[in-house]
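The values are calculated or read from the model by the stated rules, or taken from the named source; none is laboratory data. Computed from a predicted model, the values in this text were never measured in an experiment. Note that we place each Cβ from the backbone using ideal geometry, even for glycine, and neighbour counts take in every protein chain shown.
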Amino acid sequence: MDANKHMKKAVKSYFNRAVKAYHAKVKKILIRYPEMLWIAAEEIPRRAKNILDLGAGGGNFTTEVIKRFPKAKITLFDFSKEMLDYARKRFRGKRNIHYVEGDLLKLDLGEKYDAAVSSMAIHHLSTKEKGKLFRRIYAILNKGGIFVNADYVRGETKSRDRDYDRHWIGHLKAQGLSRKAWRSVVRRHHHHDLPDRLSVQLDLLKRAGFKHVDCIWKIGHQAVFGGRK
Ligand SMILES: C[S@@+](CC[C@H](N)C(=O)[O-])C[C@H]1O[C@@H](n2cnc3c(N)ncnc32)[C@H](O)[C@@H]1O
């Protein structure tokens, strides 16, 4: 099995196993996570009727989307059945919410969307895979549709990356994580995640055809960015 496939299998198995642990700790681990999701959801045009959440997991971002678009058709796409099951329980009874189990790299749902959104998922893909996904997203958006991504990014320089790690560790300590716990979070990020520099991702979006590409919000390693078709 090649390294990429091996990594993908490891990510899927991690999220299938860690549903509860992920939801218990994500708000502590990420800096200003609710604000990040709030600002990302604000990007979705008011007229949106068909919205796709990529790497939706247990539906943290979807919750923010539903608040604004209670009647829109919202599709949660993820390759972890366990994460989607968490969302199914969370949104039980909502008939406008749909679930699709699949790999982001084989995204082919046969319909068009007014908005594609994603939070904390695309950093699991390599640079090449991100480019491929951005092109695919562009293809499935309606004209005027938007893509917004709230995700980890790498610093523009190694020195910046070190600064952001320092800010992040300060945040994790302030949240009450023990030395063992914060070290494990940071180590996991460095060994398993594949964030790219923001400038690289903005360029990939432009190359995929997106217009009005920009970063809307950023704090250290976390950014909200996207573009319009
Ligand atoms: C950190 S969670 C984020 C979930 C949710 N968006 C949130 O903000 O809480 C990352 C999600 O991306 C999904 N994921 C990672 N790589 C994927 C891939 N190649 N295809 C589909 N889903 C993927 C994982 O299964 C997981 O549910």
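Considering only region 65-100, state which residues are part of a loop (DSSP other than H, G, I, E, B), under 20 Å from Phe15 (Cβ atoms) and more than 7 Å from the ligand (Cβ to nearest atom). Even if it seems obvious, please write down each step before you answer.
From region 65-100, those part of a loop (DSSP other than H, G, I, E, B) are 69-72, 79-80, 91-96; that's our starting set.
Subsequent filtering for residues that are under 20 Å from Phe15 (Cβ atoms) retains 79-80, 91.
Phe91 - this is the single residue of region 65-100 that is part of a loop (DSSP other than H, G, I, E, B), under 20 Å from Phe15 (Cβ atoms) and more than 7 Å from the ligand (Cβ to nearest atom).
Test Asp103 against the stated conditions and say whether it is surrounded by fewer than 17 Cβ atoms within 10 Å (Cβ to Cβ), within 14 Å of the ligand (Cβ to nearest atom), under 14 Å from the mean Cα position of the chain (by Cα) and not basic (Lys, Arg).
Values: surrounded by fewer than 17 Cβ atoms within 10 Å (Cβ to Cβ): yes; within 14 Å of the ligand (Cβ to nearest atom): yes; under 14 Å from the mean Cα position of the chain (by Cα): yes; not basic (Lys, Arg): yes.
Yes.
Which of the residues that make up region 205-229 are surrounded by fewer than 16 Cβ atoms within 10 Å (Cβ to Cβ) and assigned to a helix (DSSP H, G or I)?
Passing the criteria: Lys206, Arg207.
Filter region 176-204 for residues that are buried (at least 16 other Cβ atoms within 10 Å of the Cβ), not charged (D, E, K, R) and not in a helix (DSSP H, G or I) and give the result.
Answer for region 176-204, where residues must be buried (at least 16 other Cβ atoms within 10 Å of the Cβ), not charged (D, E, K, R) and not in a helix (DSSP H, G or I): Leu177, Leu194, Pro195.
Please pick out the residue among Arg47, Arg68 that is in contact with a helix residue (DSSP H, G or I) (Cβ under 8 Å, 6 or more places away or on another chain) and either exposed (fewer than 15 other Cβ atoms within 10 Å of the Cβ) or β-branched (Val, Ile, Thr) (or both). Full working, then the answer.
Numbers: Arg47 fails: in contact with a helix residue (DSSP H, G or I) (Cβ under 8 Å, 6 or more places away or on another chain).
The unique qualifying residue is Arg68.
Checking Ile140 against (1) surrounded by 15 or more Cβ atoms within 10 Å (Cβ to Cβ); (2) at pLDDT below 95: exactly one of these is not met. Which one?
Failing condition for Ile140: (2).
Give the residues of region 30-64 that are more than 9 Å from the ligand (Cβ to nearest atom) and more than 30 Å from Gly170 (Cα to Cα), sorted by residue number.
If the condition is that a residue be more than 9 Å from the ligand (Cβ to nearest atom) and more than 30 Å from Gly170 (Cα to Cα), then Ile44, Pro45, Arg46, Arg47, Ala48, Lys49, Asn50, Ile51, Leu52 are the ones that fit.
Of all residues being within 29 Å of Asp214 (Cβ to Cβ) and outside any helix (DSSP H, G or I) in region 1-42, which is nearest to the chain's Cα centre (by Cα)? Just the residue, please.
In this case the residue turns out to be Leu30.
Which numbered condition trips up Lys12, out of (1) near the ligand (Cβ under 8 Å from one of its atoms); (2) under 20 Å from Val117 (Cβ atoms); (3) surrounded by fewer than 20 Cβ atoms within 10 Å (Cβ to Cβ)?
(2)
Looking at Leu205, Leu177, Leu172, can you tell me which residue is in contact (Cβ under 8 Å) with a residue 60 or more places away in the chain, within 17 Å of Ile122 (Cα to Cα) and not polar (S, T, N, Q)?
Values: Leu177 fails: within 17 Å of Ile122 (Cα to Cα); Leu172 fails: within 17 Å of Ile122 (Cα to Cα).
So the residue among Leu205, Leu177, Leu172 that is in contact (Cβ under 8 Å) with a residue 60 or more places away in the chain, within 17 Å of Ile122 (Cα to Cα) and not polar (S, T, N, Q) is Leu205.
Rundown of residues vs (1) of a type outside the set (Val, Ile, Thr); (2) at pLDDT 95 or above, yes/no style:
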{"residue": "Glu156", "(1), (2)": "yes, yes"}
{"residue": "Asp163", "(1), (2)": "yes, yes"}
{"residue": "Lys173", "(1), (2)": "yes, yes"}
{"residue": "Val185", "(1), (2)": "no, no"}
{"residue": "Arg188", "(1), (2)": "yes, no"}
{"residue": "Leu194", "(1), (2)": "yes, yes"}
{"residue": "Leu202", "(1), (2)": "yes, yes"}
{"residue": "Gly220", "(1), (2)": "yes, yes"}
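On the basis of being touching a Ser or Thr at 6+ places or on another chain (Cβ under 9 Å) and outside any strand (DSSP E or B), does Leu109 make the cut?
In short, yes.
Starting from region 37-59, take each residue that is more than 18 Å from Leu141 (Cα to Cα) and list its partners that are within 13 Å of the ligand (Cβ to nearest atom) and acidic (Asp, Glu), counting only C-beta distances under 7 angstrom and pairs at least six apart or across chains.
Qualifying pairs under 7 Å: Leu37/Glu64; Trp38/Glu64; Gly57/Asp78.
Going by the conditions given, is Leu109 of a type in the set (A, V, I, L, M) and surrounded by fewer than 21 Cβ atoms within 10 Å (Cβ to Cβ)?
Numbers: of a type in the set (A, V, I, L, M): yes; surrounded by fewer than 21 Cβ atoms within 10 Å (Cβ to Cβ): yes.
When the stated conditions are applied, Leu109 passes them.
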